[in-house]
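One structure is given below, encoded as C-alpha cells.
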Amino acid sequence: MSANPFSDTLYRVPSDEHITNSKALEWPCIVQVPIIKASAPAPASAWSPSTASSTSADASPTSITASTPPPPPYTALSWSAADLTYLLAILYPTQMSSASMSISTHPTDPLDLFSPVQLDLFLHTKCSPAPSSAYAPTAPIGTGRPNSRFLLASASGTTAPEARKALAHRILQNAGKEMVLGCVSAYYALLTDVHSCDAATLSSLRRGIEVMKDVGEKEWAGRREQLRAAGVDGGWGVEARLEGWLLEGGWYELGFWGGCVQRAGAMGMDERDERVKMYGGVVGFLGVVGGEVGWC
C-alpha cells in the first residue's frame, strides 16, 4: 500500500461497469437554442371606484389607471383605494392613463397572519425582445429577458389604509413633498382661475401670450426678476400669476397655456364651470394630502 491513500489500487471499478447501451458524445456538441419571443401584455381593465372598493387586500399585483376624484369636500381622507389612485393620477397622469403602473400587496411576513401590510408601487415599461445575437456561443450566460418592472416606492402599515397613507408619504418624500405639492397645487389653482375668467379676460390673456412669443431673452430674464422681486403668489390676479408661471417655465410653456386659454374661451359656461369644479377639487384634495403627510 502506498503512502498516498488516494492512489491505492486494491479495488478499481471498471469504467464500463453498470453501463449499457452507451453512446460516445463528441465535444463540442452543437445544439439548437430556442429564442423566446416576448408576448404582448394583457390589457389592463379600466379603474372605477366600484372596482377599487371591491378589490381584495391580497390581490397582487393590481393594475391601476386614471380615475375620477373622490367626492368633495376634502376635510379628511380615509385613504381608501380610490384616494390613493386619485393621488397617483394627479402626480403621474401619463403613466396612469396608459395603465403602466401597478401596486403589489402582500404581508411583510408571509408566515404571520397579523403582520403589517406592505404595498409596492411598480412602473412598467415596454421592452424590445432580445436579438438572436444575445444567444451567441460567446455571449455571457443570461436569461435574455430584460426587466420591464421597476419599483418606485414601498411602504407598510398595520392596516390597508395606513399602508396606503405611508405609500403616499413615501412617494412624495422621494420626489420632494414641498416642491411637488406646491407646484402641482399652483398649477391646478392657475387652471381653475383661467377657466373662471370671463370672455374679455381670456382674450386679454391670449393676446399677452402671443406677445410673449416675440420677447427676447434679455427682456424675458429682466421681467422674470421683476416679478420675483414683487413677490407674485397666489394672492395676485390671474394675469400676473400666469405671466410669472410662463416666465419661470420658459418658452416651452407658451404653447400649452396658449392652447389652454383658447380652449377655455371656446367652451360654454356649463363646461367651464365643470372644469372649475374639477380643478378646484384637485387643489382641495392636495391640501388635505399635504396636511396628512406632514406638509400643509
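When the stretch 203-256 is examined, which residues are found to be of a type outside the set (D, E, K, R), in contact (Cβ under 8 Å) with a residue 40 or more places away in the chain and part of a helix (DSSP H, G or I)? Explain how you work it out, then say what you get.
We begin by selecting, within the stretch 203-256, every residue of a type outside the set (D, E, K, R); these are 203-205, 208-209, 211-212, 215-216, 220-222, 226-227, 229-232, 234-238, 240, 242, 244-247, 249-252, 254-256.
Remaining after also requiring in contact (Cβ under 8 Å) with a residue 40 or more places away in the chain: 203, 205, 209, 212, 234, 238, 242, 245, 254.
Passing the criteria: Ser203, Leu205, Ile209, Met212, Val238, Leu242, Trp245, Leu254.
Summed over the stretch 253-266, the residues that are among the aromatic types (Phe, Trp, Tyr) and farther than 15 Å from Tyr187 by Cα give a count of 0.
The residue that is farthest from Arg207 (Cα to Cα), counting only those in the stretch 247-278 that are surrounded by 17 or more Cβ atoms within 10 Å (Cβ to Cβ) and basic (Lys, Arg), is Arg275. Please determine whether any residue of the stretch 203-218 is among the hydroxyl-bearing types (Ser, Thr, Tyr), crowded, with 16+ Cβ neighbours inside 10 Å and at pLDDT 90 or above. No; the residues of the stretch 203-218 include none that is among the hydroxyl-bearing types (Ser, Thr, Tyr), crowded, with 16+ Cβ neighbours inside 10 Å and at pLDDT 90 or above. Please work out which residue is farthest from Glu274 (Cα to Cα), limiting yourself to the stretch 188-198 and to residues that are free of Cβ contacts under 8 Å to residues at least 60 places away in the same chain and buried (at least 16 other Cβ atoms within 10 Å of the Cβ). Here the residue is Leu190. Scan the stretch 247-267 and give yes if some residue there is touching a helix residue (DSSP H, G or I) at 6+ places or on another chain (Cβ under 6 Å) and closer than 30 Å to Thr75 by Cβ, otherwise no. Yes, the stretch 247-267 has at least one match. Note on the stretch 224-246: among residues that are surrounded by 14 or more Cβ atoms within 10 Å (Cβ to Cβ) and more than 17 Å from Ala189 (Cα to Cα), the one that is nearest to the chain's Cα centre (by Cα) is Arg224.
The values are calculated or read from the model by the stated rules, or taken from the named source; none is laboratory data. As the structure is a computational prediction, the values presented were derived from the model and not from experiment. Neighbour counts are summed over all protein chains in view; Cβ atoms, including those assigned to glycine, are modelled from backbone coordinates with ideal geometry.
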